[in-house]
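What follows is one structure encoded as structure tokens, with my remarks underneath.
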Amino acid sequence: MAFSATTKIIQPMCINSARSPDKSDTCTKLLSPSSFLGSNNKQFSINKTISPLSRRSATVVAVSSDVVKKKKVQSNPASNLLITKEEGLELYEDMILGRAFEDMCAQMYYRGKMFGFVHLYNGQEAVSTGFIKLLGNRDCVVSTYRDHVHALSKGVPARAVMSELFGKTTGCCRGQGGSMHMFSKEHNVLGGFAFIGEGIPVATGAAFTSKYRREALKEDCDDVTLAFFGDGTCNNGQFFECLNMAALWKLPIVFVVENNLWAIGMSHLRATSDPQIWKKGPAFGMPGVHVDGMDVLKVREVAKEAITRARRGEGPTLVECETYRFRGHSLADPDELRDPAEKAHYATRDPITALKKYVMENSLASEAELTAIEKKIEEVVEEAVEFADKSPVPARSQLLENVFADPRGFGIGPDGKYRCEDPKFTEGTAQL
Amino acid sequence: MLRIIKQRLAYNGLPAPTLEQGIRVIASRAYSTAKEMTVREALNSAIDEEMSADPKVFIMGEEVGEYQGAYKISKGLLDKYGPERVLDTPITEAGFAGIGVGAAYYGLRPVIEFMTFNFSMQAIDHIINSAAKSNYMSAGQISVPIVFRGPNGAAAGVGAQHSHCYAAWYSSCPGLKVLAPYSSEDARGLLKAAIRDPDPVVFLENELLYGESFPVSAEALDSSFCLPIGKAKIEREGKDVTITAFSKMVGYALQAAEILAKEGINAEVINLRSIRPLDRSTINASVRKTNRLVTIEEGFPQHGVGAEICASILEESFEYLDAPVERIAGADVPMPYAANLERMAVPQIEDIVRAAKRACYKSSLLAATA
């Protein structure tokens, strides 16, 4: 079944293998020096010609950012808008929350309230909002260390995330996880993994559970899992292993690549033999889609298709979102290797400004309503900081709690009885 | 005359008020040159000198080239030796560790950098199965002159997946040599020895020590300077209790020894330097002299380095022990993120002092005996 476009006019173009000239045009445009510049020190000329697509049973789809943009500007009838007013405001609020929260994190880090590794998501909000706002509560999200905004979009309260970052006991993981390990059972956020690539098999497992529940346990389950990861991860073995298994077993998962072109200081072009990540999907038998990750509406359209596909049981999709992080890899990264021209180019494509423009141009909401949202979010974030500040640090006894779910794991105490039968068993064996 | 040198400890973004009191007193050795070097510079110079001496040495890892090293250990090497010998890799630990092992099979001398040893778990199959066991499985035909290096153990506030100490895991495997330097001299000498060694070496550094300065002798600055693998160093001579430690814990042990000296306990501090092969003779000789032992490590207690040292003492010097061996290790929990919990999960100087006093029966809980 081809990855079909919906019937609206302003849609990501569905380009099958017959129309390769069109696509290679797009591809060349993607790789031209004006789009992104890769390594500063050595100019890498992309010598390889784009090979024509071989005819495969799985359709390859690519969404050309510039082509769709052109179309959108020309035809503008109100009935053909991609979103309603409520949806527009919801998306705007979520992106503003992500941006304001991350900016506050930076401030708090430099004031010493936050420590360790903090990886901020500025610039990539369209991907998180575009995908996660389409999910239900029971759908799962798995992420990497750049996970604050994924957790926020999924519904984890800002105060819980902020307290976690401060290391307080009211955080979503009681201060034990930290910035890179956001877990929430209630909102089905499965983490937060420090090693890139580590989250992908975990997400595949969550998707497997969904399928298992439906087929082996005969429950009514159509939960979908989203796995978020970056361009650097796409060179890791685990990624390929999971693409294979997800396609083989038709798991309800969407692999979302947040291709921000840089893995710390390693440009994607320097690290990857074939930089077009979406191509790796069809190699394993699933559709591979490329979308402009700086435009939340395009992301949302592609996400709708991919998630619906997964829910219908048709299997996984690989979505490559071309996006950019405005800040360094983490707050400890001096960010010297990226070309300022590249940064400036992407700053003009800020997803929040783009959505604001769209909403105002199509008269979906007034400036006042959007400003009201910004103020509201400002208050939410400040309240989160106050809450985190006032929260207590974890108690000493918390050090030894939650190592095992089964307390009998602590074994037998010096008096010969199970430690778990001792009323003070959670204190463990160390002297506090 | 005692020369007092104040140590500046650089920690990433974490205020460290308690460490301002770290004052190093150099009594026994007065370095006339008094040249100081950070551990980072020591490692950088060691790799630099080895690469210039032997064209078969190359360094491979994430961000070692253009980024100048994730922790700036390989700073300047790309400019000096070019991209053929300083290779930036994609994020594929299993892949590039395996490539390194293959290159070592064929006679090159790779230095594989893991951004932290936590990431080496993705490559551990190659470290153990391809590198460590090859010389044995091939009956000596294939030796693997490779060095796997990177920061190991806890840093500051980096959470459970970035703070694991791998000394015990790697040291349990025959065929590997495992080194853990403390000072700059250790770092230089041991890394040079590791690169020249024909066997696979796991070189466990510590991120928090990179910025610390230590005095280096003129001998250590010489480009042919090497420290023997398998020999521990007695950092401080004493007669009441032996304290063994490696990596960052040596610094803590030395500070604890100062505190104990004021209370009349003269501690002998051994810097293990080499975890495999473990210098059992030095440790046993020391325990036979002092009759009491405290082992310190940052890693988890079960099956740790301290457990092996205890076993070694029991096997060889049992009659010499006057008190049970005190084993100090990190808390038996994954490293928590919250700052106060993290401090409790890693051994602190007070823990060492308490344990040493217990070993000397000078703690307040037991009856005091001189």
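The values are calculated or read from the model by the stated rules, or taken from the named source; none is laboratory data. All of these numbers come straight from a predicted model, not from anything done at the bench. Quick reminder, even Gly has a Cβ in these numbers, built from the backbone with ideal geometry, and neighbours come from all protein chains shown.
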Those residues of the stretch A:101-118 which are buried (at least 19 other Cβ atoms within 10 Å of the Cβ) and more than 12 Å from chain B (Cβ to nearest Cβ) amount to A:F101, A:E102, A:M104, A:C105
Note on A:L217: of the conditions (1) closer than 30 Å to A:H268 by Cβ; (2) away from chain B (no Cβ under 12 Å); (3) aliphatic (A, V, I, L, M), unmet is (1)
Just one listed residue, out of B:A46, B:A70, is out of contact with any Ser or Thr (no Cβ under 7 Å at 6 or more places or on another chain), among the hydrophobic types (A, V, I, L, M, F, W, C) and at pLDDT below 95, and it is B:A70
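So that you can scan it fast, the table gives a plain yes or no per residue for (1) in contact (Cβ under 8 Å) with a residue 60 or more places away in the chain; (2) surrounded by fewer than 24 Cβ atoms within 10 Å (Cβ to Cβ); (3) touching a Lys or Arg at 6+ places or on another chain (Cβ under 9 Å):
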position	(1), (2), (3)
A:Y121	yes, no, yes
A:L135	yes, yes, yes
A:R138	yes, yes, no
A:L152	no, no, no
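Here is a yes/no grid of residues against (1) more than 19 Å from the chain's Cα centre (by Cα); (2) within 14 Å of chain A (Cβ to nearest Cβ):
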{"site": "B:N266", "(1), (2)": "yes, no"}
{"site": "B:L272", "(1), (2)": "no, no"}
{"site": "B:P277", "(1), (2)": "no, no"}
{"site": "B:R292", "(1), (2)": "yes, no"}
{"site": "B:E297", "(1), (2)": "no, no"}
{"site": "B:P301", "(1), (2)": "no, yes"}
{"site": "B:V305", "(1), (2)": "no, no"}
{"site": "B:S312", "(1), (2)": "yes, no"}
{"site": "B:A323", "(1), (2)": "yes, no"}
In the set B:L278, B:L314, B:L321, the lone residue that is under 20 Å from B:L204 (Cβ atoms) and surrounded by fewer than 23 Cβ atoms within 10 Å (Cβ to Cβ) is B:L278
By residue number, the members of the stretch B:115-149 that are within 14 Å of chain A (Cβ to nearest Cβ) and small (G, A, S) are B:S120, B:A123
Out of (1) within 16 Å of B:D197 (Cα to Cα); (2) within 14 Å of another protein chain (Cβ to nearest Cβ), the one B:K56 does not meet is (2)
Consider A:L337 carefully, then state whether it is within 14 Å of chain B (Cβ to nearest Cβ) and in contact (Cβ under 8 Å) with a residue 24 or more places away in the chain.
yes
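Yes/no per residue for (1) in a loop (DSSP other than H, G, I, E, B); (2) over 21 Å from the mean Cα position of the chain (by Cα); (3) of a type in the set (G, A, S):
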position	(1), (2), (3)
A:H329	yes, no, no
A:D333	yes, no, no
A:L337	yes, yes, no
A:K343	no, no, no
A:K357	no, yes, no
Within the stretch B:196-247, the residues that are in a strand (DSSP E or B), closer than 21 Å to B:M37 by Cα, in contact with a helix residue (DSSP H, G or I) (Cβ under 7 Å, 6 or more places away or on another chain) and among the polar types (S, T, N, Q) are none
(request) Would you be able to say whether some residue in the stretch A:263-284 is over 24 Å from A:M95 (Cβ atoms), away from chain B (no Cβ under 14 Å) and assigned to a strand (DSSP E or B)? (result) no
Considering the stretch A:179-229, residues that are within 21 Å of B:P334 (Cβ to Cβ) and among the charged types (D, E, K, R), and then whichever is farthest from the chain's Cα centre (by Cα), we arrive at A:K185
Residues in the stretch A:232-257 that are away from chain B (no Cβ under 14 Å) and crowded, with 21+ Cβ neighbours inside 10 Å total 10
Condition met for A:G192 (in contact with an Asp or Glu (Cβ under 8 Å, 6 or more places away or on another chain) and more than 8 Å from chain B (Cβ to nearest Cβ)) = yes
